[in-house]
Protein chains: 4
Amino acid sequence: MLKAIYLNCSLKKASEQSNTEALINKSLDILQTLGVSAEVIRISDYDIPAAMETDAGGDDQWPQIFEKIKAANILVIGSPIWLGEKSSLCTKVIERIYAGSDEKNDAGQAVYYNKVGGVIVTGNEDGAKHVSAEVLYALAHVGFTIPPNVDAYWIGEAGPGPSYIEAGQENSFTKSAIKTLSYNVWHFASMLDKTPIPGKGNLLS
Amino acid sequence: MLKAIYLNCSLKKASEQSNTEALINKSLDILQTLGVSAEVIRISDYDIPAAMETDAGGDDQWPQIFEKIKAANILVIGSPIWLGEKSSLCTKVIERIYAGSDEKNDAGQAVYYNKVGGVIVTGNEDGAKHVSAEVLYALAHVGFTIPPNVDAYWIGEAGPGPSYIEAGQENSFTKSAIKTLSYNVWHFASMLDKTPIPGKGNLLS
Amino acid sequence: MLKAIYLNCSLKKASEQSNTEALINKSLDILQTLGVSAEVIRISDYDIPAAMETDAGGDDQWPQIFEKIKAANILVIGSPIWLGEKSSLCTKVIERIYAGSDEKNDAGQAVYYNKVGGVIVTGNEDGAKHVSAEVLYALAHVGFTIPPNVDAYWIGEAGPGPSYIEAGQENSFTKSAIKTLSYNVWHFASMLDKTPIPGKGNLLS
Amino acid sequence: MLKAIYLNCSLKKASEQSNTEALINKSLDILQTLGVSAEVIRISDYDIPAAMETDAGGDDQWPQIFEKIKAANILVIGSPIWLGEKSSLCTKVIERIYAGSDEKNDAGQAVYYNKVGGVIVTGNEDGAKHVSAEVLYALAHVGFTIPPNVDAYWIGEAGPGPSYIEAGQENSFTKSAIKTLSYNVWHFASMLDKTPIPGKGNLLS
């Protein structure tokens, strides 16, 4: 059974409603319908220090998330936008993922090989493509495969205004993007599960 | 009399209506009311080769624009957004501005010292802050001063949809941003006209 | 036989030596050894207007390049860095690629589905990851698949200095990155040639 | 007496040597020579939750830093580069600064008006301009003034390699950039101390 992990990098605690999680859940529903085992992790509820290590010691809870990523076929990062940028929790998660990029799989490739990446973004008004570009680049650079159209987002008109839950759920562009993201991460996870990337020209030294 | 130049980097020719120019004109009106001599240049109507030179020879029309920039106190770059990015004409203009960054003013500073920069962006839906950040950084890096709040933009909700002229002209956030941009480039141009940046610690070698 | 196209977006004409092309050629050699038919196109030698169209009419030479992209399995974009950004020719090429993104393949997906993207960057000193992120995002957003590690680059130490041809050809990090890029675009092009992305959840409406 | 604050957003604790701090100290020395009271704050040593608030309650130590920023004439943000991006601590600091952007000064402008911003970046190899653009944009967007040439950085050649302390201290480009940054933040802080930005066209509603 294929496994997917969504990391919700909202600044809000699990006790608060997250717009990003509302959009993540649209994708989660599709993946579950397709028979994928999927889980959302709210990063703000974990004690994760900023560090360039896979295990920072002490109460660091990153190692348990790292284990889940290593066991998953699909990783989708969800982020809100603040001042046009991904959240600091999203940046921290990427740093921790990066810190694990010299671990190897059985073939000798980076441990993230044969895993598929995607990104989901919500914000009031601006920055979704910029956030998506940075997140997808980071994932591709450490070993994930990026299928076409795995950036889904909702943003509203320029200026302060309503958020995704209030104003975006009927947006047909966003609905279509979430559907395509979900199918394409599934198509590629299935493909790479059957036909892993050959260990030629891409082994870690 | 203070002088301002707006470079409209729309892909559209002057014969076509430009959303970016519609928003530029809101700022132009304010500057003219404040007694600034202001002009809009539609880059698509000029023959400007991509080159890392101030004069690429032949029919290159950049030199006449470069002269206007050197005579101006204020330079505002206007760009549409395509796929989340500033237009290729905007990128080309920045390359040509950069190519002139080793010219000196009378004090021995870069020729763009004591000039004030700003940016105006329109797009269907996303990318205004990213475009603004890149344009303002380029201007600051070659010698322009960037006052606070000199990024004004309009974008609509996620997905295809109406453009600024159709849907954005009454947006109060954008109106306020255009007003602040216009006043702040004027305030700083006035200030630097009276009190130029001292030629200490910043001379080109 | 698999086909690859490299678009070299250097500002230099074909008569001038291009650092980006020197690095592109390292990848081209590998692809040819792997049995891929590969070609480099120097964008500066073509008459390509900035336009949001697949054919801007008149002497526009983009249509012939667009045909080659549509016939190719692999597209690698090469760009120099100017002031931390991809070149204006690179931005223009992406605009033109974007303009074709509503064309469909036989399955009803975007015409760029089942094609693999990559990026090669050279610069004096800074900006390679930023340029890579923007280029790969644009390609993924219009339908290309991005394998892991398909961003290869060389840059030197901060400040003016020698270029790739003079100083970078023995850099083992860059050599390794070019090798991995070449193998991974080949692995994925082979995979997608045998097993195209299923036309489910990703058809253009 | 003018006051400057440097926020060092290194992931390293104060007990560890920070390359970013080594470069910050070059600027600090110049400002102190110019008679500016200057202080470096190592963000990693403070307990600062990620939050879109000026005071997140509990043990939040941001309020004491926010008070220092409000009392300062100059704010310079220092960041390392990880995977081409500013650190997560830097992103968090910008979020907290942004959260305070609706506070007003006595004139009714944003509280950051009449303050001058700058950025200092170190990294092994790539990303300094991208980090600088994002940091300076954020500062300008909330009310800081950005003088010309206030982005100073050191990075080495592509790939893993020595850091600033080991390999960059004699780099003449970086030395010159640090000098210009320091003088220009001082010139503008002096200017804005004597001649504040007029409260016209830029008041918060």
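Of all residues in the range A:134-160, which are within 14 Å of chain B (Cβ to nearest Cβ), of a type in the set (A, V, I, L, M, F, W, C) and within 12 Å of the chain's Cα centre (by Cα)?
A:Val135, A:Leu136, A:Ala152
When you look at C:Pro196, is it closer than 24 Å to A:Leu181 by Cα and surrounded by fewer than 23 Cβ atoms within 10 Å (Cβ to Cβ), yes or no?
yes
Being open to solvent by 10 Å² or more (accessible area, probe 1.4 Å), within 9 Å of chain A (Cβ to nearest Cβ) and at pLDDT below 95: is that true of C:Ser205 here?
So C:Ser205 passes the test.
Given the conditions (1) aromatic (Phe, Trp, Tyr); (2) in contact (Cβ under 8 Å) with a residue 24 or more places away in the chain; (3) within 16 Å of A:Thr145 (Cβ to Cβ), which single one is not true for C:Trp154?
For C:Trp154, the exception is condition (3).
Among (1) touching a strand residue (DSSP E or B) at 6+ places or on another chain (Cβ under 6 Å); (2) buried (at least 21 other Cβ atoms within 10 Å of the Cβ), there is one condition C:Gly156 misses while meeting the rest; what is its number?
(1)
Could you list, in sequence order, the residues of the range B:168-185 that are part of a helix (DSSP H, G or I) and more than 8 Å from every other protein chain (Cβ to nearest Cβ)?
B:Lys175, B:Ala177, B:Ile178, B:Leu181, B:Val185
Residues D:Ile77, D:Ile43, D:Ile30: which one is open to solvent by less than 10 Å² (accessible area, probe 1.4 Å) and within 22 Å of D:Phe188 (Cα to Cα)?
Going through D:Ile77, D:Ile43, D:Ile30 in turn, just one is open to solvent by less than 10 Å² (accessible area, probe 1.4 Å) and within 22 Å of D:Phe188 (Cα to Cα): D:Ile77.
Taking D:Asn124 and the conditions (1) more than 11 Å from chain B (Cβ to nearest Cβ); (2) under 24 Å from C:Tyr164 (Cα atoms); (3) under 18 Å from the mean Cα position of the chain (by Cα), which numbered condition does it fall short on, given that it satisfies the others?
With (1) more than 11 Å from chain B (Cβ to nearest Cβ); (2) under 24 Å from C:Tyr164 (Cα atoms); (3) under 18 Å from the mean Cα position of the chain (by Cα) applied to D:Asn124, the lone miss is (3).
Any residue that is under 18 Å from D:Val116 (Cα atoms), open to solvent by 30 Å² or more (accessible area, probe 1.4 Å) and touching a residue at least 12 places away in the same chain (Cβ under 8 Å) - is there at least one of those in the range D:55-65?
So far as the range D:55-65 goes, no, none of its residues is under 18 Å from D:Val116 (Cα atoms), open to solvent by 30 Å² or more (accessible area, probe 1.4 Å) and touching a residue at least 12 places away in the same chain (Cβ under 8 Å).
Scan the range D:165-193 for residues that are closer than 19 Å to D:Val131 by Cα and open to solvent by less than 10 Å² (accessible area, probe 1.4 Å) and jot them down.
Within the range D:165-193, D:Gly168, D:Thr174, D:Ile178, D:Leu181, D:Ser182, D:Val185 meet the criteria.
Among the hydrophobic types (A, V, I, L, M, F, W, C), in contact with a Ser or Thr (Cβ under 9 Å, 6 or more places away or on another chain), open to solvent by less than 10 Å² (accessible area, probe 1.4 Å) and within 14 Å of chain A (Cβ to nearest Cβ): is that true of B:Val116 in this structure?
It is false that B:Val116 is among the hydrophobic types (A, V, I, L, M, F, W, C), in contact with a Ser or Thr (Cβ under 9 Å, 6 or more places away or on another chain), open to solvent by less than 10 Å² (accessible area, probe 1.4 Å) and within 14 Å of chain A (Cβ to nearest Cβ).
Please go through the range D:8-46 and give me each residue that is touching a residue at least 60 places away in the same chain (Cβ under 8 Å) and either of a type in the set (D, E, K, R) or in contact with a Cys (Cβ under 8 Å, 6 or more places away or on another chain) (or both), ordered by number.
If the condition is that a residue be touching a residue at least 60 places away in the same chain (Cβ under 8 Å) and either of a type in the set (D, E, K, R) or in contact with a Cys (Cβ under 8 Å, 6 or more places away or on another chain) (or both), then D:Cys9, D:Thr20, D:Lys26 are the ones that fit.
The values are calculated or read from the model by the stated rules, or taken from the named source; none is laboratory data. All values reported here derive from a predicted model rather than from experimental measurement. Cβ: placed from backbone, ideal geometry, glycine included. Neighbour counts: every protein chain shown. Accessible surface areas use protein heavy atoms only, side chains included; no ligands, DNA or RNA. Shrake-Rupley method; radii C 1.70, N 1.55, O 1.52, S 1.80 Å.
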